[in-house]
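So the structure is just underneath, and the comments pick up after that.
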Amino acid sequence: MHKTHPYLTRPLLAQISTLIAAGAIALTPGSTTAQAAPAAFGPANPFYAPSSLPFHAPPFDKIKDEDYQPAIEAGIAQKLEEIRAIAENPQEPTFENTLVAMEKSGRLIDSVTLVFNGVTGANMNPVLQKVQDAEAPKLAAMQDALHLNARLFQRVSKVYQQRHSLHLDAESLRLVEYQYQQFVLAGAELSDADKAALKKLNEEEANLTTAFISRLLAATKDAAYATTGKAALAGLSDAELAAAADAAKQRNVQGWVVSLQNTTQQPELESLTNRDTRHALFLDSWERAERGGDNDTRATIARLAQLRAQKARLLGFPNYAAWKLTDQMAHTPEAALKFMDALVPAATAKAAGEAKDIQALIDTQQGGFTLQPWDWNFYAEQVRKARFDLDEAQTKPYFELNNVLQNGVFYAAHMLYGITMKRRTDIPVYNPDVQVYEVIDADQKPLALWYCDYFKRDNKQGGAWMDNFAGQSKLLGTLPIVYNVANFAKPAAGEPALISFSDVTTMFHEFGHALHGIFADTQYPSLSGTSVPRDYVEFPSQFNEHWASNPAVFQHFAKHYKTAEPMPAELAAKIEKAETFNQGYMLTELLAAAELDMQWHTLASDAPLQDPDAFETAALGKTRLALGAVPPRYRSSYFMHIWGNEYAAGYYAYLWCEMLDDDAYQWFEQNGGLTRANGDRFRRMILSRGNTEDLAKAYAAWLGREPGTAPMVKARGLQPAAPAQ
C-alpha cells in the first residue's frame, strides 16, 4: 500500500483560527512568520532549520514529542502568509509568480507533517495521539483556505486559460492543468455560502477520520486473542509461540497473546489445530470494532459515508465516487464497477470449487462439519499440502528476512536498475527495529535514503505501506527519503525472522513503491514520485512483486538460514505450481472489499444514515459476493484503507493495477526479462516520471499498446468469464 496523508492539524493560535473560520487566508498586512508562529517555536526546535544529517534526514535523536505541535503551528502560519502573498501579488499572474511560487510554499509544514505522519503511523503513543486528534480539523481547514481562496484561484485560472500561449515545457503545462483541476475539485468555483458549508463538512470529515484511526488502533490492540492455556495454540511453531509469549509479556499479562493484523483472516488460522481457538481468533478479528464502547467504529463510518455523499452533492457530483474518480485512470465509478463486475463470475466460480475441495476433506475426518470462514485457511493449507506436497513449515527456513532483503529485494533492483544499498548506522531512527540504507545509483551518485520497519508492534497501524519523509524535486533541490513499514511477526531475541512466501511478496511489493519514490526525477514536488492517481500508484509495487518468484531472483535468495543451501529444486517447483492455488478465495475476498468500498461511496446524498452491518450484508448480496465461507478482506468497521488512508472509492485500484502489472511483467518476459536495458527503460518511461504526463498514454507508450486483462486472468489461474448472452 502507498500511504498518503492529509495534513494533520491541531488548534492554532487564536488569530489563525479566526482567519480560517472566516474563510480567509490573509494575515494582517505586513505580518511575518515569526509574528504568526507560536512563541515556543524557535532555534531549539529540531524543525526550525534544515537537518544537518545526510539528505537532511529527520534528526530522530533530537525530535521530542512536544516538538511537533509548535512546528506544525509555525508551519501553518508560514504557509498562510506565503499563500496570502501569492494571492495578493499586484503583478499580473504568471506561471512563475503563481504556480511556481505555490510549489515553493509550505516547506516547514511539509517537512514536519511528513515526519509526524510517519511516526504516528508506525510508532504511536498517547502524546502523539492527542496531537493528531486535535490537528486534523485545523489543517483540513488550512487546505480549504488555500483551495477556496477566490483571489488565488483567479490567478491560477488566468494562467490556466493562457496556458497554450505561454510556451511552457510539457511538465510545466501538466502542473498548470493539474493544479487547476485540484482547485475545481476542491470547490474553488462554489459560491461563498457553499464554500462555508463545504468547510464545515471537511472539518467534520477530518475529525471523524482521526477518530476512526484512533478507535481502530485501540480496538485492534484490545481484541487480540489471549490465552493462559498453551494447548489452545497447538499447531503454532516454536517461534510463533515464543512471539506470542513475548507479546503477552509486553502487555504484562499471563500466557500468550496473538495480536491481530488489519485483515479479516489472520496468519495463525492457517496452523491452529484447535477449531474453537480458530473460531475465537476469527471472531476477535471480525468483531474487533463492533463490540460497543469507545472503540466501536460503526457510528463513525456511517456518518463519514453520509457526509462524503453530501460533500459530493455540494461539488456538483451524484455521489462521492463520481467526484473522487474524476482525476483517476478509470474516471468514473461505472467504469470501475464494470471492470470489477466482469471478474466476479470467474472469481466466485473458482472459490466455489475450492470450497468444495475443502469440504470434501473435512467430510473425511471424524466429526465433520460445514466449512466456515475460520476453517478455510487451515483446511486450504491441508489441501495444498496434499495436492502439491507443500508445507509452509518446509519453506520458511529458506526465507530469512534479512537474506530475502539483501539477496532478493536489493539484488533484483541492482540487476534491473544498477543501484546498490549501503547500510547507514549513523542516521538516527524512531524505533530500534528500523534500519536505514543509502541508495547509490549506477554512476555512484547518492540517490536517496530508504528506511525499513518490518516488525509488528501494538502501537503500529496494521498492514504494510510506503511513504516519504522527504520528496524529490529539482525545483526545491531535494532528494527522496522513503520508508517501508510492515507487520511481520517479530522473532524472539536471538531467533531468526523466518517469513512466509506471502511476506516475501509483501517486501517486494512495498519496495516497488519505494523505487517509485527513489527514482523520482521531476521538477515540481506536486508531480513527483508516487503523487499519481490511486489506480496507478499500485502498479509499480505490484509489478515489483513478480521478481519474488522470478527464477533468477528466487534462486539468489531462497537459501536455508542455517546451511545457506539453496532451496531444493523440487520444493521451489512446488511453490511455483501452487501459485494459482486458492486464487478464487483471494480474488473474491479482494473483490468483496473493493465492491463494498464502492457501494459505500456511491450512496446518494439524500440517503439516510446507514446501519453498517445491514448495509454490508445488502451490498455483498447486490454484488453477488455474499459467500458465507469467503468474507471480505476487510469488514466495513475496520476498513482502514477507505476510512483512514485515502483509498475511499479507490480500493478497486489494487485490481486495476493488477491488470497493468501482469501485462507489464509479460512484456518483460517477452523481451529478455531481468536485464539492465529493460530496467532502465522502465525506470526512464515509468518510474521516474511521477504525474508529469497522462499516465494512460505513458503506459501505452512504454508497453506499445493498451493494457488488457488476459495476463491477469492467466496469472490468477482463472478461466475467462463466458460472454453475456
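The values are calculated or read from the model by the stated rules, or taken from the named source; none is laboratory data. From a predicted model like this one, the values you see are computed outputs, not experimental measurements. FYI the Cβ positions are ideal-geometry reconstructions off the backbone, even for glycines, and counts take in every protein chain you see.
Mind listing just one residue for me: the one in the range 490-531 that is β-branched (V, I, T) and under 19 Å from A464 (Cα atoms) and, of those, surrounded by the most Cβ atoms within 10 Å (Cβ to Cβ)? Ranking the qualifying residues of the range 490-531, first place goes to I518. If you go through the range 415-425 and keep only what is among the charged types (D, E, K, R) and either touching a residue at least 24 places away in the same chain (Cβ under 8 Å) or touching a His at 6+ places or on another chain (Cβ under 6 Å) (or both), you end up with just R424. If the condition is being over 18 Å from M685 (Cβ atoms) and either in a helix (DSSP H, G or I) or not assigned by TED's automatic domain parsing to the domain that holds W465 (or both), then the range 522-537 contributes P525, S526, R534, D535.
Among the conditions (1) in contact (Cβ under 8 Å) with a residue 40 or more places away in the chain; (2) assigned to a helix (DSSP H, G or I), the only one that Q261 does not satisfy is (2). Restricting attention to the range 678-714 and to residues that are among the charged types (D, E, K, R) and over 16 Å from G512 (Cα atoms), the residue that is surrounded by the most Cβ atoms within 10 Å (Cβ to Cβ) turns out to be E693. Exactly one residue among A629, A700, A715, A648 is of a type outside the set (D, E), closer than 19 Å to A330 by Cα and in contact (Cβ under 8 Å) with a residue 12 or more places away in the chain, and that residue is A648.
Taking the criterion of being crowded, with 24+ Cβ neighbours inside 10 Å and charged (D, E, K, R), would at least one residue in the range 311-328 satisfy it? No, the conditions are met nowhere in the range 311-328.
For the range 178-190, a residue qualifies if it is over 26 Å from the mean Cα position of the chain (by Cα) and surrounded by fewer than 19 Cβ atoms within 10 Å (Cβ to Cβ), and the qualifying residues are E189, L190.
Selection within the range 255-302: residues that are of a type in the set (K, R) and within 27 Å of K230 (Cα to Cα). The member of this set that is modelled with the lowest pLDDT is R291. Of all residues in the range 406-453, those being part of a loop (DSSP other than H, G, I, E, B) and either closer than 22 Å to D680 by Cα or within 26 Å of the chain's Cα centre (by Cα) (or both) number 16. Close Cβ contacts (under 7 Å, 6 or more residues apart or on different chains) running from residues in the range 347-376 that are farther than 20 Å from A593 by Cβ to residues that are in a helix (DSSP H, G or I) and among the polar types (S, T, N, Q) comprise L361/Q382; L371/Q359. Of all residues in the range 277-305, those satisfying the criterion of being in a helix (DSSP H, G or I) and among the aliphatic types (A, V, I, L, M) are A280, L281, L283, A299, I301, A302, L304, A305.
Taken over the range 470-503, the criterion of being assigned to a strand (DSSP E or B) and either within 18 Å of A239 (Cα to Cα) or not hydrophobic (A, V, I, L, M, F, W, C) (or both) is satisfied by S473, T478, Y483, N484, N487, F488, L498. Scanning the range 205-234 for residues that are assigned to a loop (DSSP other than H, G, I, E, B) and surrounded by 17 or more Cβ atoms within 10 Å (Cβ to Cβ) yields A223, A224.
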